[in-house]
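These notes concern the structure reproduced below.
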Amino acid sequence: MSSAFDSMREAAERLADLGGERATLAARAGRLAERLGLNAFHLALLGEFKRGKSTLTNALVERSLLPTGVIPLTALSTEIHYGSPGAVVVYLDGHSQTVSVDGIADFVTEPKNPGNYLKISRVEVSIDAKLLQPGVVLVDTPGTASVHEHNTEAAIEALKDADGVIVVLSVDSPVSEDEKELLGLLEERGTRTFVVANKVDHLSRSETAEVRLFMETQVKEVLGAQTQMFFLSARRALDVILGGGNPGADAGEFAEFREALESFVREELVEARVDAARRELTRLGNELQDSVMLEAAASELGLETLRERVGAFRSAAAREHQAQIEDQVLLEHAVSELRATLAERLVAHASEALARFAPQLRARAASVAKRQLEDALHEEVERLVSEGFEELRQAEAEQADRAWQELATDFRSRTQERVDLVRRAAADLFEVHLPEVTVPTVAEERERFFYIFVHVEGLGSGLTRLLRLALPGPVYQRRALWRARHQLAEEFDKHAGRARWDLTQRLDQVRLRFEAAMRAEVEQAEETILSAATSAEVLLSSSVAEQESHRSRREALTQLARDLTSTLEQT
């Protein structure tokens with residue numbers, strides 16, 4: 001694998017030397033080359049403020065390294081590498097300063113560096129922690145959604161360079177819409193993601209079970225049914241570690257999370273590094289290839305002709321944008337019809353529940369003594385609701401998935417057609433052959449549409465139960481059975497309503513995320529073409545000497561794009 005790293009690093013370094021009008025692409029390549037040169041895998045801890053990211057980082061490196069507190073504290077990213085103990089502050093202007101590890105709080109915290117007035121890019125800390133030895137770089141980031149807007153911006157910048165992510169949630173404020181959006185972004189990027197729910201020490205055992213069900217449901221609807229979450233207390237884990245012990249049950253699932261992380265480092269890290277680098281290089285290479293080809297072709301046209309054809313291309317691109325908007329309206333209408341159909345089935349299922357399950361209630365009522373009757377019927381109602389809706393969930397999720405896949409596949413095909421037409425228009429107008437670009441396939445959404453959180457209220461308070469027990473046995477049994485039947489019907493109706501709402505929300509989320517991804521494909525195709533045409537227009541307005549110099553650089557870039565393709569094929 002080292003040869004693959006070396007080859008990709010060299011290719012990234014050549015891209016990083018581009019500069020000029022391709023400065024953004026060059027900067028991205030430079031960051032990639034740096035990571036490959038360090039043989040490093042950046043694992044960023046992301047999440048909203050006060051989720052315990054810094055405390056969890058300290059627990060993972062087994063020392064009290066980063067400052068923690070009760071207010072939004074972390075102001076900028078801190079990268080923790082393996083090596084001899086030390087710290088370096090890197091400033092925005094590029095110069096750096098060596099500081100003591102104990103003094104990093106003066107640079108990375110909001111009270112000591114408010115609004116990042118010190119103009120720091122990041123702080124790099126080296127320690128000899130076991131987890132970091134294979135090349136892992138832990139990146140503690142500022143919290144998002146805090147009162148300090150620059151904190152969110154710093155976290156987003158860290159995400160751009162992350163090869164993997166640990167998303168830190170908190171059980172006392174479970175899963176905000178911003179956190180779900182972050183999870184969706186990580187899913188779209190294909191980033192290796194671990195999810196932890198911190199601060200379980202704030203809850204009782206019963207509360208933890210209830211919150212776990214809710215949070216796992218919210219996370220799995222975005223990341224998929226196979227996602228594993230770890231519920232832990234970073235604070236208790238750190239306290240035990242600093243005391244010389246190994247975290248146990250008091251720290252929740254910290255030990256299981258650490259083992260999963262170490263297993264990933266042992267068994268998957270090298271492959272994950274290569275995959276992450278290959279994906280980024282592929283993106284960079286495709287952008288460079290398109291840019292060079294289009295710019296070269298456009299430069300062969302006269303300035304007036306070029307301007308005319310840019311105008312014609314804008315008109316063609318606008319038509320495809322409008323066509324995609326119309327496709328989107330059709331998709332929204334189709335999803336609306338799908339929601340209505342699924343909702344009708346949920347209502348029908350709920351209305352049939354009483355007739356379907358009443359015999360089981362009667363059988364249970366006849367099998368227990370009078371004093372156990374209400375508890376037994378409540379358990380039976382809860383079991384029937386749970387099993388009935390789990391069966392329904394599986395069936396309807398499969399139907400929703402099949403229907404959604406058909407709709408999304410059709411919309412993706414239409415998007416592919418839009419991208420093809422935009423690129424074909426450019427190829428015709430600028431007289432150049434552009435390679436085909438494949439729009440990503442439809443992401444799997446199975447098992448994410450809805451989940452029923454089953455909770456059935458008791459059949460009455462202790463006092464009313466004692467009063468009812470005074471009734472004659474047959475009367476008591478009839479009334480208890482009537483209450484259970486009534487409750488069964490109410491619960492199925494209530495859960496059908498929840499399912500309708502949940503299904504509507506999640507289908508819309510899936511649709512909106514998918515539409516945004518498809519819209520970006522068309523916009524990226526247009527942006528690449530217009531950027532190249534603009535560069536060509538500037539070039540045609542320059543001197544002959546400048547044009548000749550630029551032509552030489554373009555030939556070198558053409559060869560670089562070929563070399564990059566060859567490198568990716570060999571790694």
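The values are calculated or read from the model by the stated rules, or taken from the named source; none is laboratory data. Because the structure is a prediction, the values reported are computed rather than measured. FYI the Cβ positions are ideal-geometry reconstructions off the backbone, even for glycines, and counts take in every protein chain you see.
Some points to look at:
- Test set (1) of a type in the set (Gly, Ala, Ser); (2) exposed (fewer than 15 other Cβ atoms within 10 Å of the Cβ); (3) in the same structural domain as Leu60 (by TED's automatic domain parsing) - Gly184 fails condition number: (2)
- Any chance Glu221 is free of Cβ contacts under 8 Å to residues at least 40 places away in the same chain, surrounded by 15 or more Cβ atoms within 10 Å (Cβ to Cβ) and farther than 17 Å from Gly52 by Cα: no
- Test result for Arg498, modelled with pLDDT under 75 and surrounded by 16 or more Cβ atoms within 10 Å (Cβ to Cβ): yes
- Looking only at the range 224-262, and only at residues there that are at pLDDT 90 or above and part of a loop (DSSP other than H, G, I, E, B), the one that is surrounded by the most Cβ atoms within 10 Å (Cβ to Cβ): Ser233
- Close pairs from the range 550-571: first at positive phi, partner among the hydrophobic types (A, V, I, L, M, F, W, C) and outside any helix (DSSP H, G or I), Cβ under 9 Å, at least 6 apart: none
- Scanning the range 269-321 for residues being surrounded by 17 or more Cβ atoms within 10 Å (Cβ to Cβ) and of a type in the set (Ser, Thr, Tyr) gives a total of 2.
- Residue that is farthest from the chain's Cα centre (by Cα), among those in the range 66-83 that are at pLDDT 85 or above and of a type outside the set (Gly, Ala, Ser): Tyr82
- Among the candidates Arg51, Arg31, the residue that is basic (Lys, Arg) and at pLDDT below 85 is uniquely Arg31.
- Qualifying residues in the range 205-220 (those that are of a type in the set (S, T, N, Q) and more than 18 Å from Ala397 (Cα to Cα)) - the one farthest from the chain's Cα centre (by Cα): Ser206
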